[in-house]
Each structure stands twice: as C-alpha cells, then as structure tokens.
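**Student:** Below you will find the structure I want to go over with you.
The values are calculated or read from the model by the stated rules, or taken from the named source; none is laboratory data. Just so it is clear, the model here is predicted, and its values are computed rather than measured. Cβ atoms come from the backbone with ideal geometry, glycine included; neighbour counts cover every protein chain shown.
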C-alpha cells in the first residue's frame, strides 16, 4: 500500500498570497484513515491558512495544525479516498530571495483503520514568484532631511532609501 501526497504549483507576486491544494492518492490494499506531514519550505513563504479538503471532509476527518506540522485525523475508522486533502494558502515574502521556491512534503506518517503504518510519499509543489510591475516615478520608502553644516551654500542633504526592486530613472526623467 502506498499513499502519495501531491502539492499543486502556482504563480504569485512578492507580498502576495497563493492558494494551493494538497491531494492524496492511494494505490493497492488498505486505504488511509489518518495522515500526518510537514510542509517544508524556505523563509520566502509562510503558511497563511490551511483548511480541510473534500477528501478529508467526506471521511469525517478533522485538521489539526501546529506550525508546519499537519494532521488529518478522526475518531472514526472511515477511509480517506483520493482527492483534495487540504487547501493551503501561502504568503510570499515582500522581498523574496529568488524567483521560485519549492514546498516539500516531508515526515509523512500514514495509517489505516487497524493502525498499520502505510508507505507515504510526498510530491512537492513550486511557487513561481513574478516581480510586481514598477510604479510610475521613483519608489521611495521615506525621505529624511538632514540639515547641512555648510553655511556657504545653505543646502540640505537628503537621505533617500530605494527599494531593491525599484527601477531607477533614465536620463531625462523627472523626479
């Protein structure tokens, strides 16, 4: 008996939220009644929410969550059929380190109605991160005037912080 947990893939933008589905598929023999796993990922994403999917609900199962550790369980011995086990929303970092991140399904524990352990296999999903389009003008996070000590010109020095994803003006641009 083998149970595969497969996470879908998708595309989002920095600072966005993307909803993916984790599906369950069983081959041969007994069907699972309880499933536990961990979503393993980089700091570029975090879990915003998780809800039980149609396969879990149809088997009268509940979702328990502790951080990235998930458990689909129930006080019954109803088998979990193939389908969507959970729906999970991932929040993308505002400043991700790359253009994609892999979400692995790790530490899988699956059991049947007789508490026999079944083989669990995880199939990861990938979130492709597409940069947000630039906004008109020069994006600044803040302007802090610093008074000048140079009396002759009476100029003020200005500190400007430019976001790493900012598109700098070209020659002839008005700031």
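**Student:** Before we move on, is residue 4 outside any loop (DSSP other than H, G, I, E, B) and loosely packed, with under 14 Cβ neighbours inside 10 Å?
**Tutor:** no
**Student:** Now for a different question. Could you tell me whether the stretch 70-78 includes any residue that is surrounded by 14 or more Cβ atoms within 10 Å (Cβ to Cβ), under 19 Å from residue 19 (Cα atoms), in contact with a helix residue (DSSP H, G or I) (Cβ under 9 Å, 6 or more places away or on another chain) and in contact (Cβ under 8 Å) with a residue 24 or more places away in the chain?
**Tutor:** Checked the stretch 70-78: at least one residue is surrounded by 14 or more Cβ atoms within 10 Å (Cβ to Cβ), under 19 Å from residue 19 (Cα atoms), in contact with a helix residue (DSSP H, G or I) (Cβ under 9 Å, 6 or more places away or on another chain) and in contact (Cβ under 8 Å) with a residue 24 or more places away in the chain.
**Student:** In addition: Where the second residue is at pLDDT below 95 and the first is within 25 Å of residue 33 (Cβ to Cβ) and lies in the stretch 119-132, which pairs have Cβ atoms under 7 Å and are six or more apart or on separate chains?
**Tutor:** If the second residue must be at pLDDT below 95, the pairs left are 119/1; 119/2; 121/2.
**Student:** Quick check on the stretch 11-23: of everything there that is exposed (fewer than 15 other Cβ atoms within 10 Å of the Cβ) and within 10 Å of the chain's Cα centre (by Cα), which residue is farthest from residue 85 (Cα to Cα)? Working first, answer last.
**Tutor:** First, the residues of the stretch 11-23 that are exposed (fewer than 15 other Cβ atoms within 10 Å of the Cβ): 11, 15, 17, 19.
Retained after the next criterion (residues that are within 10 Å of the chain's Cα centre (by Cα)): 17, 19.
Values: 17: 20, 19: 13 Å.
Ranking the qualifying residues of the stretch 11-23, first place goes to 17.
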